[in-house]
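Here's the structure we're looking at; comments come further down.
Each value in this text was obtained by applying a stated rule to the coordinates, not by laboratory testing. All values reported here derive from a predicted model rather than from experimental measurement. Cβ placement follows ideal geometry from the backbone for every residue including glycine, while neighbour counts extend to all protein chains displayed.
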Amino acid sequence: MSQARPRYALYYAPRPDEALAVIASRWLDGATGTHPSLPSSPLDPKRLAEITAEPRRYGFHGTLKPPIALIDSTSESEFLDAVGRFAAMRPSFNTPPLRLAELSGFLALIPTERSVDLQDLADRCVVDFDAFRRPGGEGELARRRAAGLSPRQDELLLRWGYPYVLDQWRFHLTLTGRISDATERAAVADLLRRRFALLVDRPVPVRDLCVFRQAAPDRAFAVLERFRLGVGRPTRVAVARSG
């Protein structure tokens, strides 16, 4: 049996010392009891951990290029070098302020208005790094189509390996898994609004392009490298390694 291939994704993720990262960490990690600073919650801790399990697995982020396995002719270091060169030539910018929204049953932070800069960065990540993408098999296509895709989304799936890119992409920072019960979802939303109230009306700096790596299908995504945007030469930002 062949060994599972690592997957790599290009994400926006705030730096650990930024307010957005600190509050998100308290929300996601606090749900498991691993972060000591999570304020008391009216929700059952076990249920809160279930609600936040999926976003913990992928890491707090906004997707720019969805996860890919690399083609055989490209190594991890070659991919990282290419991302570093790309990031160096793309400008940093601020997003509009964020607000809480419901997206197909899960809760996420989204910009209060469309950001041309975010859209352009995501589009370029999808297109410019497609040459590194190992095409998915028929099983992956079937799995994506089972969710119900529009003709345009199916076209994007076939061309770029993912249905929600380019004109079908929407920047979001996921905070929960899907919550089917409307009453429970409303309670979680109220809690999140209070937790993230500090960020209301504040633009969000996008200073880095992050590469996240998933070593195997049963492993969580973790930041592998963080490259500064717009500095003219590839520049890594120090990344804290766990373990």
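A simple rule links phi to the HN-Hα coupling: the Karplus curve 6.51 cos²θ - 1.76 cosθ + 1.60 with θ = phi - 60°, which for the stretch 130-136 gives 5, 5, 8, 7, 7, x, x Hz, with x for Gly and Pro.
Would you mind counting up the charge near T235? Only other residues with Cβ under 13 Å from its Cβ, with Lys and Arg at +1 and Asp and Glu at -1.
Working: positive: R85, R90, R207, R226, R228, R233, R236; negative: D81, D208, E225.
Its environment carries a net charge of +4.
Going by C-beta contacts inside 10 Å, put F93, F227 in order with the fewest on the left. Walk me through the numbers on the way to the answer.
On the way: F93 18, F227 23.
Neighbour counts put them in this order, fewest first: F93, F227.
Relative to the current alpha-carbon distance between R26 and V127, full extension at 0.36 nm per residue lengthens the span by 32.9 nm. Arranged from fewest to most other beta-carbon atoms within 10 Å of their beta carbon, K65, K46 become K46, K65.
In the stretch 101-207, which GluC sites (Glu not before Pro) fall in coil by DSSP and have 12 or fewer other Cβ atoms within 10 Å? Write down the numbers at each step before the final one.
Values: sites: E102, E113, E138, E140, E155, E184; in loops: E113.
Hits after loop and neighbour filter: E113.
Seen from A88, the other residues with C-beta closer than 14 Å to its C-beta sum to a net charge of +4, counting Lys and Arg as +1 and Asp and Glu as -1.
What does the charge add up to near A147, with Lys and Arg as +1, Asp and Glu as -1, over the other residues with Cβ less than 14 Å from its Cβ? Provide the component values of the computation, followed by the final result.
Working: positive: R143, R144, R145, R178; negative: E140, D154.
Net local charge, A147 excluded: +2.
Remark: the Cα gyration tensor places the stretch 121-229 in the oblate category, a/c being 1.5 or greater and a/b not exceeding b/c.
If you bin all the Cα-Cα distances of the stretch 103-176 at 5 Å, starting from zero, the percentages per bin are 3, 14, 22, 21, 23, 14, 4, 0. In a DSSP loop and with at most 15 other Cβ atoms within 10 Å, the trypsin sites (Lys or Arg not before Pro) in the stretch 173-243 are R178, R219, R241.
In terms of the ratio Rg/(2.2 N^0.38 Å) built on C-alpha atoms, what value belongs to the chain?
On the way: Rg = 18.0 Å, N = 243, 2.2 N^0.38 = 17.7 Å.
Here the Cα radius of gyration is 1.01 times the empirical estimate.
Take the convex hull of the alpha carbons in the stretch 48-134; its mean projected area over all directions comes to 7.4 nm². Determine the shape class of the stretch 75-122: with a ≥ b ≥ c the square roots of the Cα gyration tensor eigenvalues, call it rounded for a/c under 1.5, and otherwise prolate if a/b is greater than b/c, oblate otherwise. Here the stretch 75-122 falls in the oblate category.
Size descriptors for the stretch 170-243 (Cα atoms only): Rg and Dmax, in that order, 16.9, 50 Å.
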